[in-house]
Every structure is written in structure tokens, then in C-alpha cells.
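Data block below; observations after.
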Amino acid sequence: MSKVYVIAELGINHNGSLDLAIDLMRQAKRCGADAVKFQIRTVGVVYTPEELAQLRPITLSRRDGGPWSGQTNGEWKQRLEFGVDEYNAINTEAKCLGLEWSASCWDAASIEFMASYRPRWLKIPSALITDARLVRCYARTGLPIIMSTGMSTWEEIDSAMLALALVEDVTLLHCHSSYPSPLDELNLACIRSLQERYPGVRVGYSSHTVSPWPCLMAAVYGADVIEAHLTLDRTMVGTDQASSLEPGGFGKMVEEIRTWERCKGDGVKQVWPTEEPVKAKLRKHG
């Protein structure tokens, strides 16, 4: 019986702090995650000069020391990016914890950098699914690929799959790309639609909800991989914090997925040994 592979999406919830990133990794391990995922960008490549020059609004965070105002988007984005030293430390910590780790990479240089660690997989985010050049960059690494399909049409997914044609190991994640996602738009039945359209391809679910239960429902629908955002505190500054699960909710999600795995069985009707004494007692005349 296969086990659902659970990824704790840490993304940029570390806010540029290695200490916070390590804390998040340890929480992910305690919660029962199999892997953690970050996001890597070359800021000057991914964003236009106009986007980087924009001033950020005043933000307050009770966990992060007060206002972060007067910064440009460029200063903020650069603050969020780790370098070689930080990722080497993350790699070491992951090995110590027994966690797999990888990243969504938003440009060719970032793909090459992450691939140098030879992770079990690389992740294509929904935003890049229509960028055929970058999808081919992912394919050329020779690594297994996980790809989210949020805000995408069937035709766009088909095109991306064509660009990944030479990749032997591909996993598609059903996803709704708003943060957080409205429950009545999750359309978890698309998990089975993806399975039918791409037979032989693993299918999972990437969650942006503040409830742990859609991930359990996705597992019941047959998701092989579950990805959900993890934060220490949903009130922290950051674009993804409010649509993430805190450790209590994330841990409960994993616990209930593991309960489902124990309960689902194989569909073969049988009388269990633990039922035999009850059967003998209650069916004396049967």
C-alpha cells in the first residue's frame, strides 16, 4: 500500500532568516512531513526594474520586530533570497532531520543551482507552467519533476507535459492559485480528471487553504502527493503566511492522512479474525 508523500511548503515564509527556516524545517519534521520545499529566484531576472523600484506599504508584525516600511520591492525581494551558505546549512539540517528538501525555481540559473544538490525532485510552480523555455530547463536536469497546475487550462497543461516528454518521472498537482483558496472553488474532483487524462502519471494536490481538511479529502480522492504551506504564525509579515497552516493544523492534517491510509484497505470483502468471536456469539442460530 503506497504512502502519501507530504511536502511542507516553506516557500518564503522564512522571511530571509536562516534561523526561522531551520525552525520551520524542524516543525515540519515534528508534524510528520516527508519533505520541505523552498522558493529560489534571481531577483533581477524574475522582476522588471519597475516592479523592483516600487515602494512597499507599511507592514506590522508582532513576531518580526515592528514596521518594515520605506523599502522597495527590490530590497524586500533580495532580503528573502538565501545564498550558497544558507542553502548548504539547509542541506545539512535536512540530512540531520531525515527530511528531503527541494525548491521551486523561477529562472534558469536557480534551476541549475538547485539541481546541483541533486534533490529527489524539482518543483515547477503554477506560474511557470506556460513558460516552455523554463519547463525545458527543468527537463534537462534529468531530475524527477513535480508540477502544479493552478490557473491552467487543459491545453496549457498538455503543452507543458509535451515539454517534459523526456522526463521519466513526473507528478502533477491539482491546485487553486488564489491565496487563500475559496473552498467552493477547490474542485478536488479534478484529481481524478488528471489521473484519467494522464494515465501512469502520479497526481497530487497543492493546497493554499487555511483548513487542513481539503488535503485529507484529496488523499481520499487518490492524491499520491500532498503539498501545503507551513508557517509558525499566520499573522507574520509575508505574502504567503496568511494562507499557510500553523504547526497544529499541519500536524493534524498529516495525522488524519495516515489514519486514512490505515483505514482504506484493499476493497476485498472478508471476515476478519477479530470478528470471529463476535460472529460466533451473535449468530448462534445462523
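Computed from the coordinates by the stated procedures, all read-outs in this text should not be read as laboratory data. Please read these numbers as outputs of a predicted model, since none were measured by experiment. Ideal geometry is used to build each Cβ from the backbone, glycine not excepted, and the neighbour counts take in all protein chains shown.
Looking at region 144-214, which trypsin sites (Lys or Arg not before Pro) are DSSP coil and have at most 13 other C-beta atoms within 10 Å of their C-beta?
Qualifying residues, ordered by number: none.
At a Förster radius of 51 Å, what calculated FRET efficiency corresponds to the Cβ-Cβ distance of Thr72 and Glu261, to the nearest 0.05? Can you show the working numbers first?
Details: r = 47 Å, r/R0 = 0.93.
Rounded to the nearest 0.05, the efficiency is 0.60.
Calculate how many DSSP beta bridges within region 1-156 are antiparallel, expressed in % of all such bridges and rounded to the nearest 5.
5 percent
For a Förster distance of 35 Å, can you work out the FRET efficiency between the beta-carbons of Trp154 and Leu18, rounded to the nearest 0.05? Each step should come with its number before you reach the end.
Details: r = 41 Å, r/R0 = 1.16.
Step by step, r from the Cβ atoms, then E = 0.30.
Taking the alpha-carbon centroid of each part, what is the distance from region 85-132 to region 199-276 in angstrom?
23 Å
Over the chain, what is the relative contact order in percent, taking alpha-carbon pairs closer than 8 angstrom and at least six residues apart?
19 percent
Full-extension gain between Ser211 and Ala242, please, as 0.36 nm times their residue separation minus the C-alpha to C-alpha distance. Provide the component values of the computation, followed by the final result.
Values: separation 31, 0.36 × 31 = 11.16 nm, distance 1.15 nm.
Separation in residues times 0.36 nm, less the Cα-Cα distance, equals 10.0 nm.
Looking at the chain, send over the antiparallel percent of its DSSP beta bridges, to the nearest 5.
5 percent
Can you tell me the alpha carbon radius of gyration of region 77-193 divided by the globular rule-of-thumb value 2.2 N^0.38 Å?
Normalised Cα radius of gyration, region 77-193: 1.14.
From the square roots a ≥ b ≥ c of the eigenvalues of the alpha-carbon gyration tensor of the chain, which class results: rounded (a/c under 1.5), prolate (a/b over b/c), or oblate? Walk me through the numbers before you get to the answer.
Details: a/c = 2.08, a/b = 1.59, b/c = 1.31.
It comes out prolate by the Cα gyration axes.
Springs between alpha-carbon atoms under 10 Å, Gaussian network over the chain: tell me which of Lys264, Lys37, Lys252 tops the mean-square fluctuations.
Result for the chain, Cα springs under 10 Å: Lys264 fluctuates most.
Work out the count of Lys pairs in the chain where the Cα-Cα distance is under 24 Å, with the pair 8 or more places apart or on different chains.
22
How much length would be gained if the chain were fully extended between Arg120 and Leu55, taking 0.36 nm per residue of separation minus their Cα-Cα distance, in nm to one decimal?
19.6 nm
Charges on Cβ only, +1 for Lys and Arg, -1 for Asp and Glu, centred on the Cα centroid of region 142-286; of Leu143, Cys263, Pro180, which one is farthest towards the dipole's positive end?
Towards the positive end, the residue furthest out is Cys263.
How long is region 134-231 along each principal axis, judged by its Cα atoms, biggest number first, in Å?
Computed over the Cα atoms, the extents are 36, 29, 21 Å.
Bin width 10 Å, origin at 0, all Cα-Cα pairs of region 177-286: what percent of pairs per bin?
13, 33, 25, 14, 11, 4, 1
Highest GNM mean-square fluctuation, the chain, Cα pairs closer than 10 Å: which of Gly32, Gly83, Gly204?
Comparing Gly32, Gly83, Gly204 in the GNM, the peak value goes to Gly83.
Within region 161-210, report the GluC sites (Glu not before Pro) that DSSP leaves as loop and that have at most 15 other Cβ atoms within 10 Å.
Details: sites: Glu168, Glu185, Glu196; in loops: Glu168.
Passing sites in region 161-210 are Glu168.
Mind giving me the FRET efficiency for Lys95 and Val278? R0 is 45 Å, r the Cβ-Cβ distance, nearest 0.05 is fine.
The pair Lys95/Val278 has a calculated efficiency of 0.40.
Okay, helix-only estimate at 222 nm for the chain: each DSSP H run of n ≥ 4 adds -39500 (n - 2.57), divide by all residues, round to 500 deg cm²/dmol; what do you get?
Rounded to the nearest 500, it is -11500 deg cm²/dmol.
Extension gain Thr42-Ser193, at 0.36 nm per residue separation less the Cα-Cα distance, in nm?
Going from the current span to full extension adds 50.9 nm.
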